[in-house]
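Quick notes on the structure that follows.
The values are calculated or read from the model by the stated rules, or taken from the named source; none is laboratory data. What you are looking at is a predicted structure, and each value in this text was computed from that prediction instead of being measured. Neighbour counts are summed over all protein chains in view; Cβ atoms, including those assigned to glycine, are modelled from backbone coordinates with ideal geometry. Keep in mind that these areas ignore ligands, DNA and RNA; they rest on the heavy atoms of the full protein, side chains included. Shrake-Rupley method; radii C 1.70, N 1.55, O 1.52, S 1.80 Å.
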Amino acid sequence: MAGNLIARSVHDLTAGAWFGGSLMGAIGLNGAAAEATNPAERTRLSSSGWMKWAPIQTAAFVSHLLADLAIAWENKERIAKQDGVARDTAIKTVVTVAGAAVTLYAGVLGKKVEKLADQGARGATEPSPEASEELKTAQQQLKMLQWAIPAFAGLVIILGAKHGEMQRPKNVFAGLKS
């Protein structure tokens, strides 16, 4: 079997971790934290859960990028010669880097929310009317980002599937440049 089974597996598993972890955090963790009776506990619990996930997420990103490099190296000739592969590789790279940047920014906002947790909140991403502008702004941004992150991760998975389809022999032969 030609190819790089380990790199492909790491690539797909880490994208799955990014997608599943971010979606579970937005729905499960933030949803459960919103049920805490003490308003200050809502943001503290959510922040604590996200900070426990952060090292795993970071390891997944690093592993994903290394796997991407290994896959690209293995496919460098196909990227150069098969119509559409270089373009799709560039698109997937941009989506991955943008998604990683959004995820990193959400982590920065999460640290800000954690620091201001004693102000209390209606939920992990729902500020209380009494909250400072700093906390309200961070929570409002996180409310949008908690859905943008799994969207980026899902798009990375879809683009990876497209790359896989482009490797089918009939697609390779149809797309080879002269």
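Things to note:
- Distance in nm between pseudo-label sites at Glu77 and Lys52 (7 Å out along the Cβ direction from Cα): 4.9
- Per residue, the solvent-accessible area of the chain (1.4 Å probe, heavy atoms of protein chains only, all protein chains present) comes to 56 Å².
- Kirkwood hydrodynamic radius over Cα pairs of region 19-121, then Stokes diffusion coefficient at 37 °C and 0.692 mPa s, in µm²/s: 207
- Choice from Leu135, Leu109, Leu66 showing the highest fluctuation, given a GNM over the chain with Cα pairs closer than 10 Å: Leu66
- Helical contribution to [θ] at 222 nm, DSSP H n ≥ 4, -39,500 (n - 2.57), averaged over the chain, rounded to 500: -26500 deg cm²/dmol
- Assuming charge only on the beta carbon of Lys and Arg (+1) and of Asp and Glu (-1), the dipole of the chain about its Cα centre is about 540 debye to the nearest 20.
- With one equal scatterer per alpha carbon and no solvent term, the Debye-computed log10 I(q)/I(0) for region 130-178 at 0.28 1/Å reads -0.94.
- Relative to one another, the C-alpha centroids of region 120-153 and region 2-33 are positioned 22 Å apart.
- Estimated from the Cβ-Cβ distance and a Förster radius of 22 angstrom, the FRET efficiency linking Leu69 and Thr137 is about 0.05.
- Based on the Stokes-Einstein relation at 37 °C and a viscosity of 0.692 mPa s, and on the Kirkwood radius from alpha carbon pairs, the chain is assigned a translational diffusion coefficient of 185 µm²/s.
- Against the chain, whose longest principal axis is taken from its Cα atoms, helix 39-74 shows a tilt of about 10°.
- Pairwise label distance in nanometres, Ala101 with Ala174, each label 7 Å out on the Cα-Cβ vector: 3.4
- Lys/Arg +1, Asp/Glu -1 at C-beta; the chain dipole; positive extreme among Pro39, Asn171, Val10: Asn171
- With a simple spin-label model that places each label point 7 Å from the Cα along the Cα-to-Cβ direction, the separation between Glu35 and Ala161 comes to 3.1 nm.
- Heavy-atom accessible surface of the chain: percent carbon and sulfur, 1.4 Å: 68
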